[in-house]
Amino acid sequence: MLDSIRQNSQSWGVKLAFALIVVVFVFWGVGSMNGPSNSALIATVNDTAIMMPEFKRAYELQMNAIKARFPGIDESQFKQLKIGQQVLQGLIARTLLLQEAERLGMTVTPVELKTEIASIPLFQNAQGKFDPEVYKQMLAAQGMSAGSFERQFKEDLLTKKVRENAVISASVSDDEAHEAFVYASEKRSMDYILYSAVDFMKKATVTDDEIKAFYDANIGRYAVPAQVVIKYLAITPEGLASTVTVDEAAAEAYYADNQSSFRKEEQADASHILVALDENASDKEVAAATKKIEKVLKLARSGKDFGKLAKKYSEGPSAATGGALGTFSRGQMVKPFEDAVFSMKEGEISEPIRTRFGLHIIKLNKLEKARIPAFEEVKGQIMTKLAKDQAADKVTTTLDVVMEQMLSGKSLEDIAKEQKITLMTSPEFSREQAPVAVGVTKEAAEELFSVPAGTAVDTPLEANDGYVVARVEKSKPESSMPLEQVSASIKEQLVADKSVELAFEAAKGASTNVLAGNIDGQPKVQTSPLVERKGFIPGVGSAEDVVKAVFDADGNKWMGPYKTPSGAVFVRLNKVDQPSDEVWQAAKEEVHKTLLARKKQQMEQSFIKSLADKAEIVIKNNELLDKL
């Protein structure tokens, strides 16, 4: 999500997303939260039960989706997201919608179901047509039967019908869209008088007692968690893969049955030179940028080294690497750029292309057509997969043997040799790092921190896809960074904070004169560039209250003082820049689309809340949800 916002930070929809307040529906807490616990039952919605297997499947799908999108996320961050509660809310909402569909008599016909499934690209062949064999293979890879998938997909279509029916009356008028567009696109500049914190630093003295007091009051900031180093055997499909011999004929058979899953989409390797240009740039600015890019284009087509030209002229982040963008497929670049690249020939240099980032000239270095790689190219990948698949069947039996040998007094080193399993040594890690460092769950890792160094853990530790059998080699208790190590950074922080406070006090002393319009003897009046409603002002810093005051102002009276990271400021409105009618007309369609989608989302949320308010919802197994 954050990547998407950053990549599209200049798009109209994202500006609106930052500018408008969206009412987000959360009906967590409705119904009774005190029903008796039942290990197989997670909740009831009217007369419909939500069972633990259904909840577990949905939870694992959500977890896997998040991990795929954010590979670096750890267990503590997962807990903050309260995934378990979100998943249960989704299942309750789905149940309510299915019940409403039944009440309204809505159905999905066999023809509808077949047509919708056939339209899913995942189930289509290279010619873009539904392929029954691909369909079976894809479902098998997910461990699903066709009947199970079609039942769930039919329910998805039913809930979609109910949601669409609930928002059918949603509409956005031109006036509403234009008002929102102006609000989101308007820019303002301000005059400001800055009492800089830098000017007060010499007066901001900090004593050793103050440093010690800050350290004591914030000792948690300097905590060093307990750490361990372990030696371990990974009794997992990956850990046991080396003990399995895969027949090459089996790999060839797998390749023959699953060729479509190895398909590589069309990919391009390109470089570019960018002349930055704002989306709402004036005709004069566009003309200047066009002149510059055409000059560079002429040099590039005359045979000058494209990479050197990019380093000299490009205004994009890739300038340092000679404009190289690496390899990418469709959907990874903005549309005008993508359309140009995939219509070019290798070695060709494009005409200037306009995107929201500015004007580009592109050189296509290499273009790889979509293809299915030969067996030899993916042989290693297949052999590894099949080895893991076969090893998965050995996890339980191998674990039993390893635990028996441990109980008989054998060392991990001896067991590793006998079972032909690699004995691994971990890096030093904390409880929070355990899932990444050695693959065990954070709960299982508690065992590692409960035994002294040199001790083997007498129970197998649960990992994501198997078990870990471990011995603690080194153990460090929880501690804190010593004051001597952090005193310099604390002093720096306290000096900065005191400097801001001294600047603010000085500004307050001048406020009577400044607010009355008498600015004689004050620091120099400066003018900011045009800024949006995002709280950052060049020369002043991040100051949301300052930006809010300027965007609320309807005159040019001085306001303040306001405390900022730079010190303290008085501000007054200097200039208002609203989008032209030409810019509005160009963005009008997208604005309507964005606002309509948001309004439908709000109506849908309100509709589900109304269903929840009328329903009898009982949440069970609160202990489990609190842990997720």
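Every listed requirement among (1) within 30 Å of residue 415 (Cβ to Cβ); (2) open to solvent by 30 Å² or more (accessible area, probe 1.4 Å) is met by residue 229 save one, (2). Within segment 515-552, the set of residues being part of a loop (DSSP other than H, G, I, E, B), at negative phi and surrounded by 14 or more Cβ atoms within 10 Å (Cβ to Cβ) comprises 519, 522, 523, 528, 532, 533, 540, 543. Please indicate, with yes or no, whether at least one residue in segment 363-380 is buried (at least 18 other Cβ atoms within 10 Å of the Cβ), among the hydrophobic types (A, V, I, L, M, F, W, C) and not in a strand (DSSP E or B). Yes - at least one qualifying residue is present in segment 363-380.
Of the residues 354, 371, 330, the single one that is in contact with a Pro (Cβ under 7 Å, 6 or more places away or on another chain) and not hydroxyl-bearing (Ser, Thr, Tyr) is 354. Considered as a group, the residues in segment 572-594 that are touching a Phe, Trp or Tyr at 6+ places or on another chain (Cβ under 9 Å) and farther than 23 Å from residue 282 by Cβ include one that is surrounded by the fewest Cβ atoms within 10 Å (Cβ to Cβ), and that residue is 572.
If you check 104, 122, 139, which single one turns out to be surrounded by fewer than 13 Cβ atoms within 10 Å (Cβ to Cβ), more than 23 Å from residue 42 (Cβ to Cβ) and within 29 Å of the chain's Cα centre (by Cα)? The conditions single out 122.
Pick out, from segment 246-327, the helices (runs of 4 or more DSSP H) lying fully within it that include 2 or more residues that are more than 30 Å from residue 373 (Cβ to Cβ) and either modelled with pLDDT of 90 or more or open to solvent by 30 Å² or more (accessible area, probe 1.4 Å) (or both).
283-301, 306-313
Every listed requirement among (1) under 33 Å from the mean Cα position of the chain (by Cα); (2) open to solvent by less than 70 Å² (accessible area, probe 1.4 Å) is met by residue 401 save one, (1). Restrict the check to segment 86-106 and report whether at least one residue is in contact with a strand residue (DSSP E or B) (Cβ under 9 Å, 6 or more places away or on another chain) and under 30 Å from residue 432 (Cβ atoms). Checked against the condition, which is being in contact with a strand residue (DSSP E or B) (Cβ under 9 Å, 6 or more places away or on another chain) and under 30 Å from residue 432 (Cβ atoms), segment 86-106 yields at least one hit. I'm told residue 198 meets every condition in (1) exposed (fewer than 14 other Cβ atoms within 10 Å of the Cβ); (2) in contact with a helix residue (DSSP H, G or I) (Cβ under 8 Å, 6 or more places away or on another chain); (3) not in a helix (DSSP H, G or I) except one. Can you identify the failing condition by its number? Of (1) exposed (fewer than 14 other Cβ atoms within 10 Å of the Cβ); (2) in contact with a helix residue (DSSP H, G or I) (Cβ under 8 Å, 6 or more places away or on another chain); (3) not in a helix (DSSP H, G or I), only one is false for residue 198: (3).
Answer yes or no as to whether residue 569 is part of a helix (DSSP H, G or I), in contact with a strand residue (DSSP E or B) (Cβ under 8 Å, 6 or more places away or on another chain) and either without any contact (Cβ under 8 Å) to a residue 12 or more places away in the chain or buried (at least 16 other Cβ atoms within 10 Å of the Cβ) (or both). In short, no.
A search for C-beta distances below 8 Å between a residue of segment 320-345 that is acidic (Asp, Glu) and any residue that is in a loop (DSSP other than H, G, I, E, B), counting only pairs 6+ apart in sequence or on different chains, returns 338/330; 338/331; 338/332. Would you confirm, using the coordinates I've provided, whether residue 465 is in contact (Cβ under 8 Å) with a residue 24 or more places away in the chain, open to solvent by 70 Å² or more (accessible area, probe 1.4 Å), out of contact with any Leu (no Cβ under 9 Å at 6 or more places or on another chain) and not polar (S, T, N, Q)? It is true that residue 465 is in contact (Cβ under 8 Å) with a residue 24 or more places away in the chain, open to solvent by 70 Å² or more (accessible area, probe 1.4 Å), out of contact with any Leu (no Cβ under 9 Å at 6 or more places or on another chain) and not polar (S, T, N, Q).
Considering the conditions (1) in contact with a Gly (Cβ under 9 Å, 6 or more places away or on another chain); (2) part of a loop (DSSP other than H, G, I, E, B), residue 451 is excluded by exactly one of them, (1). Checking each residue in segment 436-451 for being surrounded by 20 or more Cβ atoms within 10 Å (Cβ to Cβ) and in contact (Cβ under 8 Å) with a residue 40 or more places away in the chain picks out 438, 439, 448.
The values are calculated or read from the model by the stated rules, or taken from the named source; none is laboratory data. Predicted model, so just to flag it, every value in this text is computed and none were measured. Because the Cβ atoms are built from the backbone with ideal geometry, glycine has one as well, and the counts that use them run over all protein chains shown. Heads up: the accessible areas ignore ligands, DNA and RNA and are worked out on the full protein's heavy atoms, side chains in. Shrake-Rupley method; radii C 1.70, N 1.55, O 1.52, S 1.80 Å.
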